[in-house]
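In what follows, a single structure is set out as C-alpha cells and then discussed.
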Amino acid sequence: MRKVLSPGPIACSFLHLTGLTTRYMKLFSPVLASILFCQIIHAQDHTITLWPAGKAPNYQKTDEVEKSENTDIVRISKVQSPDIAVFLPTKKNSTGQAVIICPGGGYAYLSYNWEGTDVAKLLNAKGITAIVLKSRLPNSKSNITPHLSPLMDAKRAMRIVRANADKWGIKQNNIGIMGFSAGGHLASTLATHFDEGDRNSKDSIEQQSSRPDFAVLVYPVISMDKKITHMGSHNNLIGENADSTLTNLYSNELQVTKQTPPTFLLHSTDDKAVPVENSLRFYQALKNNGVPVEMHIFPTGGHGFGLALGKGSLESWTDLLVTWMRGVNK
C-alpha cells in the first residue's frame, strides 16, 4: 500500500506559533530551518490507498480525471484512486477509539474538508483517531456497476483500519463509522450491510471484519423512498427509475437487524434537503431491534452545517457526540 505523508494536526498547532517559530528559525541557516519546518508539518498524518494498483474492484479505466475544487469548501469529484487520510492524536491523549469519516456531497462530490478533515482535527483534540475516507462516487464513468463502489470502498477502509489497529494504538473493537448527508447514507449502509471478512482470502486485509463497532450519522440520507429521500443522492446512487429491489436494498431503515451497531443520530427539524424523517425512521428501526441509539433533533440548523460553529446551541453537538462516544460499547 502506498503511504504519503501529509499535513496534519501537528502542523496546524505549530502554525499558531508562527511568530515564535520565525524568531527562533533565525538562529539556524535558511536551509536547515526549512528542513526542520517541513519535518514538523509532515510529522503526523499519512494517506493510504485502499486498493493495490490495478486491483480496485468494479473499476474500469477511462479518460476521466479526478477533480478537486477549492472555493469556500474543498470538493472532490470523479474519484479515481480511493484512499484514507489518517489523523492520529498524540499518544498521551489517545483514547484508543477510532472513527472513519464519510464526507457528504449527494454522491456527486465529497465535501472533503467541511465534513471530513475539519471534523477529524476536532476529534483528534479529544484523543480520537480519525480517518477521512475518499471513496469512489457512483456518478463516475470508471464504475462498472455504479452503486457498488462506495460500499466496497467503505468496507475496505474499515478492514484496513482494523488491520492496523495495533500499529496506530487503536482498540480493534472500538472502530466506528461516521457520515454526513450522503456520507451518512454510506455510513448507514456499512452499518447495515457489513460482513465478517473472508478468512480464506490471500489478502490479510480482506480477512478482517467490515462491521463498525458504532455509527455516527449527521443529517443523514437513510432511505431511498422518494417520499423522504434526497433525490440527488437517490439518482446518483441507484438511478432515477430504480426497481423496488434496489430501492429497498439501499433504504437502510429496512436493513436494520439486532447486529446493527449502536448509533448516534443528529438532524435539524428544518432540514429542507434531507428531511428529518430519514433519522426518525432509522431511530425507530434501531429501537425496534433493540439496538442502542441516541438521537438529537435540533429545531433549526438546516442542512450541511458541519461543525455548526457560531450556530448557537447547535454548536454543542460535537460535545454531545464525544460524551456518547466515551460510553459506547462500555
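The values are calculated or read from the model by the stated rules, or taken from the named source; none is laboratory data. What you are looking at is a predicted structure, and each value in this text was computed from that prediction instead of being measured. Please note: Cβ atoms are built from the backbone with ideal geometry, for glycine as well, and neighbour counts cover all protein chains shown. Protein only, heavy atoms only, side chains kept; ligands, DNA and RNA dropped before computing areas. Shrake-Rupley method; radii C 1.70, N 1.55, O 1.52, S 1.80 Å.
Here are a few things to note about the model shown:
- Summary value for the chain: 13 percent relative contact order, contacts being C-alpha pairs under 8 angstrom separated by 6+ residues.
- Ranking Thr47, Thr145 from most to least accessible surface, computed with a 1.4 Å probe over the protein chains only, gives Thr145, Thr47.
- Pairs over the 26 Å Cα-Cα cut-off, from the set Lys67/Lys226; Lys171/Lys258; Lys121/Lys202: Lys67/Lys226; Lys121/Lys202.
- For the range 101-236, the relative contact order comes to 27 percent (Cα pairs under 8 Å, sequence separation of at least 6).
- Helix axis angle, 277-288 relative to the chain longest principal axis, alpha carbon, degrees: 80
- Residue order for Lys258, Lys155 - accessible surface, 1.4 angstrom probe, largest first: Lys258, Lys155
- Taking Lys and Arg as +1 and Asp and Glu as -1, the other residues whose beta-carbon sits under 10 Å from that of Ile76 total +2.
- Diffusion coefficient of the range 130-272 by Stokes-Einstein, Kirkwood radius over Cα pairs, 4 °C, 1.567 mPa s: 82 µm²/s.
- Ordered by solvent-accessible area of protein heavy atoms (1.4 Å probe), largest first, the residues Arg159, Arg326, Arg211 come out as Arg326, Arg211, Arg159.
- The spacing between the range 48-76 and the range 293-321, judged by their C-alpha centroids, is 31 Å.
- For the range 77-216, the solvent-accessible area with a 1.4 angstrom probe is 31 square angstrom per residue.
- Using alpha-carbon coordinates, inclination of helix 317-327 to the longest axis of the chain, degrees: 90
- Sequence ranges 280-288, 107-115, ranked by mean other-Cβ count within 10 angstrom, highest first: 107-115, 280-288
- Normalised by the number of residues in the range 73-147, the mean separation of alpha-carbon contacts (under 8 Å, six or more apart) gives a relative contact order of 44 percent.
- For the chain, the C-alpha radius of gyration sits at 1.00 times the compact-globule guess of 2.2 N^0.38 Å, with N the residue count.
- Degrees separating the helix 182-193 axis from the principal Cα axis of the chain, which is the longest one: 70
- Sequence-distant lysines (8 or more away, or on other chains) whose Cα lies within less than 19 Å of Lys227: Lys272
- Lys55 contributes an accessible area of around 140 Å² to the protein surface, as traced by a 1.4 Å probe with all chains present.
- Per residue, the chain reaches -9000 deg cm²/dmol at 222 nm when only DSSP H runs of four or more residues are counted, each adding -39500 (n - 2.57).
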